[in-house]
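Inspection log for the structure reproduced underneath, given as structure tokens.
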Amino acid sequence: MRLVLLGAPGSGKGTQAERLKKELDVPHVSTGDLLRAAVKAGTPLGLKAKAVMDAGRLVSDDIVLGMLEERLTQPDAARGFILDGYPRNLAQCTALEALLAKLGQPLDVAIKLDVPSELIVERIAGRAAKEGRVDDTPETVRERLRVYAEQTEPVASHFEKIGKLRCVDGVGELEEVSRRVLAALPAIAAA
Ligand code: AMP
């Protein structure tokens with residue numbers, strides 16, 4: 001199963017991806033996690049990305065695509081993947097489709113987790129207290145939500161146009177949301 005998870009920051013993509021990877025037996029590929037690992041490791045790329053991430057903006061398309069290609073060409077991703085945090089804009093969407101065509105692994109479906117913005121702000125405040133992410137401050141969260149609406153919403157519209165988008169209600173117990181996501185997957189999931 002080759003799956004993209006869409007949804008605003010704090011909509012539960014990371015949490016759901018962690019649960020679904022066990023069900024689907026495919027890796028969870030989060031560009032945010034890849035970038036945070038690069039920042040932590042202090043690589044040149046990480047140093048470049050840090051300020052942009054701390055401001056809630058998008059890291060350059062080239063950097064993220066390079067990291068993504070490296071990850072998706074690892075052997076465990078040959079079975080499929082759950083992509084979380086990518087694509088974030090239409091240019092990344094085009095780049096993803098080209099990369100997957102090159103790998104002979106077209107996308108099966110894009111699942112969008114719908115969560116009302118009041119709840120998003122609440123959830124991120126909870127996550128900030130728990131995980132201490134530097135980009136979870138109220139000001140940065142506002143910027144990330146703005147960037148999402150401006151740049152990432154069009155990605156959902158694109159997947160809708162090509163008939164690959166499924167929207168799932170992301171409000172509720174984790175188990176219930178996971179069940180909804182599994183139910184929204186195309187029949188290939190059962191194979
Ligand atoms: P996330 O963990 O997906 O919320 O990502 C955290 C931060 O990493 C984002 O606010 C961006 O600064 C950066 N980031 C993650 N994925 C991407 C991407 N696909 N393109 C550009 N920047 C990204």
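Taking the numbered list (1) near the ligand (Cβ under 8 Å from one of its atoms); (2) assigned by TED's automatic domain parsing to the domain that holds Arg123; (3) closer than 22 Å to Glu131 by Cα in turn, Met53 passes all entries but (2). Any residue in the range 70-86 that is within 14 Å of the ligand (Cβ to nearest atom), assigned by TED's automatic domain parsing to the domain that holds Arg166 and assigned to a loop (DSSP other than H, G, I, E, B)? Taking every residue of the range 70-86 in turn, at least one turns out to be within 14 Å of the ligand (Cβ to nearest atom), assigned by TED's automatic domain parsing to the domain that holds Arg166 and assigned to a loop (DSSP other than H, G, I, E, B). Of all residues in the range 34-50, those that are within 8 Å of the ligand (Cβ to nearest atom) and free of Cβ contacts under 8 Å to residues at least 24 places away in the same chain total 2.
For the range 79-96, residues that are open to solvent by 70 Å² or more (accessible area, probe 1.4 Å) and at pLDDT 95 or above total 3.
Please tell me if Arg180 is surrounded by 13 or more Cβ atoms within 10 Å (Cβ to Cβ), closer than 18 Å to Gln16 by Cα, modelled with pLDDT under 95 and charged (D, E, K, R). Here the answer is no, as Arg180 does not meet what is asked.
Just to be sure before I move on: is Lys102 buried (at least 20 other Cβ atoms within 10 Å of the Cβ) and more than 14 Å from the ligand (Cβ to nearest atom) in the structure I sent? In short, no. Pairing each residue of the range 89-102 that is within 19 Å of Val59 (Cβ to Cβ) with any residue that is more than 14 Å from the ligand (Cβ to nearest atom) and not in a helix (DSSP H, G or I), provided the two are 6+ apart or on different chains, yields C-beta distances under 9 Å for Leu96/Leu107; Leu99/Gln105. If you filter the range 1-47 down to residues that are among the hydroxyl-bearing types (Ser, Thr, Tyr) and assigned to a loop (DSSP other than H, G, I, E, B), you find that the one that is least open to solvent (accessible area, probe 1.4 Å) is Ser11. Answer yes or no: is there a residue in the range 151-161 that is part of a helix (DSSP H, G or I), at pLDDT below 95 and open to solvent by 80 Å² or more (accessible area, probe 1.4 Å). Taking every residue of the range 151-161 in turn, none turns out to be part of a helix (DSSP H, G or I), at pLDDT below 95 and open to solvent by 80 Å² or more (accessible area, probe 1.4 Å).
The values are calculated or read from the model by the stated rules, or taken from the named source; none is laboratory data. Bear in mind the structure is a predicted one, so any value in this text is a computation, not a measurement. Positions of Cβ are backbone-derived with ideal geometry, glycine not excepted, and every protein chain shown enters the neighbour counts. Calculation scope for accessible area: heavy atoms of the full protein, side chains included, ligands and nucleic acids excluded. Shrake-Rupley method; radii C 1.70, N 1.55, O 1.52, S 1.80 Å.
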